[in-house]
Protein chains: 2
Amino acid sequence: MAKNVGILAMDIYFPPTCIQQEALEAHDGASKGKYTIGLGQDCMAFCTELEDVISMSLTVVTSLLEKYGVDAKQIGRLEVGSETVIDKSKSIKTFLMQIFEKFGNTDIEGVDSTNACYGGTAALFNCVNWVESSSWDGRYGLVVCTDSAVYAEGPARPTGGAAAIAMLIGPDAPIAFESKLRGSHMSHAYDFYKPNLASEYPVVDGKLSQTCYLMALDSCYKHFCDKYEKVEGKQFYISDADYFVFHSPYNKLVQKSFARLLFNDFLRNPSSLAEGAKEKLHPFSTLSGEESYQNRDLEKASQQVAKPLYDEKVQPTTLIPKQVGNMYTASLYAAFASLIHNKKSTLAGNRVVLFSYGSGLTATIFSLRLRDCQHPFSLSNISTVMDIAGKLKSRHEFPPEKFVETMKLMEHRYGAKDIVTSKDSSLLLTGTYYLTEVDSMYRRFYAKKTSDSSITPSNNGSIANGHCK
Amino acid sequence: MAKNVGILAMDIYFPPTCIQQEALEAHDGASKGKYTIGLGQDCMAFCTELEDVISMSLTVVTSLLEKYGVDAKQIGRLEVGSETVIDKSKSIKTFLMQIFEKFGNTDIEGVDSTNACYGGTAALFNCVNWVESSSWDGRYGLVVCTDSAVYAEGPARPTGGAAAIAMLIGPDAPIAFESKLRGSHMSHAYDFYKPNLASEYPVVDGKLSQTCYLMALDSCYKHFCDKYEKVEGKQFYISDADYFVFHSPYNKLVQKSFARLLFNDFLRNPSSLAEGAKEKLHPFSTLSGEESYQNRDLEKASQQVAKPLYDEKVQPTTLIPKQVGNMYTASLYAAFASLIHNKKSTLAGNRVVLFSYGSGLTATIFSLRLRDCQHPFSLSNISTVMDIAGKLKSRHEFPPEKFVETMKLMEHRYGAKDIVTSKDSSLLLTGTYYLTEVDSMYRRFYAKKTSDSSITPSNNGSIANGHCK
């Protein structure tokens, strides 16, 4: 069986168009700090009419192959995690096949995985399992997480975001799976869902969703700790991992979640905590599970106790989620990308524990072991290729009015046909794919921005419509 | 690594409500034989307002666990293949978790896989890979294929159908994967897709879809033969497999497909065919690929040549697809179930080659080796449990007017909320789950028919709405 299977390379793309949460807060008439401190968010990326989950995936996959020098023929599996439905039957993966067909490679397994923000994790597990299975043919796997998170006007709107992440999968990886250390919790819930098929917006019960998230976290952590004990012969505590990465709908929930893990450690074994911490959490030790999710004093006390550890083990993972927003399937991996951006090759030897959550609900805690590997698949090169600082710096901030106008246009565009988009791609970086047209048969056409000229002819670099060739 | 991983057990469910193709043909004013001979279809199952892809999955999973005596706690992975979207974010898998939560098992990996009729195959491959991977925890996997295929009035309407299939996955299986023998073809095409999000009906180009299907078949067969030669050190011909199972949108395409494989054998090595057959195909040996898909004379000649082999190697797989219709993700496995129903334990030692196709497009040819295994996971017990003859016999034929009326009702119901369904479940068999209500928040409630009484109280056996417990 292939060894140290995991993530060899990563790239991330998010739209260059964004809005500051402080400006949105003021525009919405929300109390000062509601989005920035209450939610813990700084900025939010969004797609204009030129971009969607397909264009973002085309951009990030093309970029990854180019920047790591991977031949399109070396890919043997490609799968996508997404909850942004443009077509209910035709997978996003088939759109991406345009990249590979050009090189004569159509023998590529995998389709799309779906369950809210968890689809990317499912795709990643599937791809790693493929490399370890007897059906592996020696080629690389490729996992893409792509989503555009938009909400109707109201309290959930500032929790949007958009991004696509591509991850190359294979053996001997700098980001290797510790596959025996994994705990899942899956159940039937209606915390966030998309039953209104004609609308891009979800039905969301914010309070229920937060409780579901924290209950799933507790349950996954319990399973994870049980498995750790079985494999390692000792108890798992927060101190056994160097970093913790959480699916991040908004940063405040990440702060609560890490505190919740600490509270779990405390309940399991109070003496795993320092004396002062123990005292602060003691009053809450007799709360029922249900009560503990609603108790504000516990929330406050546990976050206070956890703060130094949060700064050390979680804060380095929060950059992109705070700056770009909720990217659904891409959120967890954008948080992980932030860690690589911040810590680079110092991560070699570290254990990183990740919590993936998708409403509805599906959740898993799993563990990665980071390793020193050779260029181009080294942690430092991954950081260089992703160029997160550069991408964040080159963004264009929209004033709230223009953001709201864009959201209104996108509402009308969702599911529509007979559309020709703006010819002005000036805000996009060179190499970015963008939507040019949806024809009368709902067929979608994309072009690649090939120079920095603000007006690109719509046929320049266009990907032709597929005719099953 | 686990050995002989594959399908340990199967069960199938299709709605008891159906329409004879002959009656539909007459009602539609189609020429006599258009549906029965032209498409090769006998009968078509459909969901009334009481059933959907979720209820059918609940029915078939519950039935499989019961009939094979599998404890709900023994399941470690559950994944669903479907292209019938009821919710764009919340997976069908999370609805099925209700079955397992009751027994305290929430640590079950897997979500939904999507690409037209191929999602079930993707789920199956993922599940088999999981058992062979280092993340396997020793428990069973469970794969569910569930779809309801409905079309707008017009030429595609008779190609509908509905079913759900459940397959238990593990090592030492009577239906084992030959995982090295696999060829895929995936590309970007608009042959059949569902871009109109508010409608249950697809956009379909019947002629293009058939060509895409046959081109994908050719390409997969080429890859499959290449891999066979690499592994076995000799060429693969039709004679190297005992049975061929095809995704079956309608039976006529299956007849064409098998003939196409034979034509491929002929092109690769004319002397692999008998003298008479060679002569009949010779005139077509210089056709270009493109021409060969449109050539009616070739179609006729190759089907004529293939007929005796078709009767031997394909006909035993056609019962359910002809009687139930296109079941999308479940179609291929319903065809395979027909083979087990017809041939039972005589299949031990046989190689069965399957072709899975999903528009958009994704396709794979793969190989199974059938084996003599112990009860309850024996081929003969699988046949007994599925009780296909019994299920076909106990159906209720609707007259065309009542079928059309049902389709109209279902059009209005698709994506709707605030619905209470009929209390009359008399047509359903005991043990069948059915939809009772969609509330004002789009939350769906199901009940299980617990006796043969025609009126069951809506709360009897009801599955409570999930509250993330």
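Out of A:V111, A:V53, A:V80, A:V85, one residue alone is within 14 Å of another protein chain (Cβ to nearest Cβ), open to solvent by 10 Å² or more (accessible area, probe 1.4 Å) and under 28 Å from A:V438 (Cα atoms). It is A:V85. For the stretch A:306-356, the tally of residues that are closer than 20 Å to A:L8 by Cβ and aromatic (F, W, Y) stands at 2. Residues of the stretch B:388-410 that are charged (D, E, K, R) and either modelled with pLDDT under 95 or open to solvent by less than 70 Å² (accessible area, probe 1.4 Å) (or both): B:K391, B:R395. Return yes when A:L287 is free of Cβ contacts under 8 Å to residues at least 60 places away in the same chain, assigned to a helix (DSSP H, G or I) and at negative phi and no when it is not. Spelling it out, it is not the case that A:L287 is free of Cβ contacts under 8 Å to residues at least 60 places away in the same chain, assigned to a helix (DSSP H, G or I) and at negative phi. Can you confirm whether A:K88 is in contact with a Lys or Arg (Cβ under 8 Å, 6 or more places away or on another chain), of a type in the set (K, R), at pLDDT 95 or above and closer than 24 Å to A:Y357 by Cα? When the stated conditions are applied, A:K88 passes them. In this structure, B:D242 does not satisfy being open to solvent by 50 Å² or more (accessible area, probe 1.4 Å), modelled with pLDDT of 95 or more and farther than 29 Å from B:A330 by Cα.
Table: residues versus (1) surrounded by fewer than 23 Cβ atoms within 10 Å (Cβ to Cβ); (2) in contact with a Lys or Arg (Cβ under 9 Å, 6 or more places away or on another chain).
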{"residue": "B:P316", "(1), (2)": "yes, yes"}
{"residue": "B:L319", "(1), (2)": "yes, no"}
{"residue": "B:N326", "(1), (2)": "no, no"}
{"residue": "B:S331", "(1), (2)": "no, no"}
{"residue": "B:N342", "(1), (2)": "yes, no"}
{"residue": "B:N350", "(1), (2)": "yes, yes"}
{"residue": "B:S359", "(1), (2)": "no, yes"}
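When B:Q235, B:Q303 are checked against the criterion of being within 26 Å of B:A116 (Cβ to Cβ) and among the polar types (S, T, N, Q), B:Q303 stands alone in meeting it. For B:S187, the conditions (1) more than 11 Å from every other protein chain (Cβ to nearest Cβ); (2) among the small types (G, A, S); (3) touching a residue at least 40 places away in the same chain (Cβ under 8 Å); (4) within 27 Å of B:T84 (Cα to Cα) all hold with the exception of (1). Quick one: in the stretch A:435-450, of everything that is assigned to a loop (DSSP other than H, G, I, E, B) and away from every other protein chain (no Cβ under 14 Å), which residue is least open to solvent (accessible area, probe 1.4 Å)? This residue is A:K449.
Checking every residue in the stretch A:92-108 against the condition of being of a type in the set (K, R), more than 22 Å from A:V5 (Cβ to Cβ) and either buried (at least 24 other Cβ atoms within 10 Å of the Cβ) or more than 7 Å from chain B (Cβ to nearest Cβ) (or both) gives at least one match.
Taking residues in the stretch A:119-134 that are at the interface with chain B (Cβ under 8 Å from one of its Cβ atoms), and partners anywhere that are hydroxyl-bearing (S, T, Y) and assigned to a helix (DSSP H, G or I), the pairs with Cβ atoms closer than 6 Å and at least 6 places apart or on different chains are A:G119/A:T329.
Checked against (1) open to solvent by less than 10 Å² (accessible area, probe 1.4 Å); (2) farther than 25 Å from A:G120 by Cα; (3) aromatic (F, W, Y), B:Y193 meets all criteria but (2). Conditions first: (1) within 14 Å of chain B (Cβ to nearest Cβ); (2) acidic (D, E); (3) open to solvent by 10 Å² or more (accessible area, probe 1.4 Å). A:D71 passes all but one, so which condition is the exception? Going through the list (1) within 14 Å of chain B (Cβ to nearest Cβ); (2) acidic (D, E); (3) open to solvent by 10 Å² or more (accessible area, probe 1.4 Å), A:D71 breaks only (1). Scanning the stretch A:163-183 for residues that are crowded, with 23+ Cβ neighbours inside 10 Å, within 12 Å of chain B (Cβ to nearest Cβ) and within 26 Å of A:Q255 (Cα to Cα) turns up at least one hit. Among the criteria (1) modelled with pLDDT of 95 or more; (2) open to solvent by 50 Å² or more (accessible area, probe 1.4 Å), the one B:E290 does not fulfil is (1). Got at least one residue in the stretch B:416-434 being within 30 Å of B:K3 (Cα to Cα) and more than 14 Å from every other protein chain (Cβ to nearest Cβ)? Checked against the condition, which is being within 30 Å of B:K3 (Cα to Cα) and more than 14 Å from every other protein chain (Cβ to nearest Cβ), the stretch B:416-434 yields no hits at all.
In this structure, is B:A198 open to solvent by 50 Å² or more (accessible area, probe 1.4 Å), in contact (Cβ under 8 Å) with a residue 40 or more places away in the chain and either within 23 Å of A:K102 (Cα to Cα) or over 22 Å from the mean Cα position of the chain (by Cα) (or both)? So B:A198 fits the description; yes. Residues of the stretch B:201-226 that are surrounded by fewer than 22 Cβ atoms within 10 Å (Cβ to Cβ) and at the interface with chain A (Cβ under 8 Å from one of its Cβ atoms): B:V203, B:L208, B:T211, B:S219, B:H223.
The values are calculated or read from the model by the stated rules, or taken from the named source; none is laboratory data. Remember, it's a predicted structure, so these values are computed and weren't measured experimentally. Quick reminder, even Gly has a Cβ in these numbers, built from the backbone with ideal geometry, and neighbours come from all protein chains shown. To get the accessible areas, we keep the full protein, side chains included, count just its heavy atoms, and leave off ligands, DNA and RNA. Shrake-Rupley method; radii C 1.70, N 1.55, O 1.52, S 1.80 Å.
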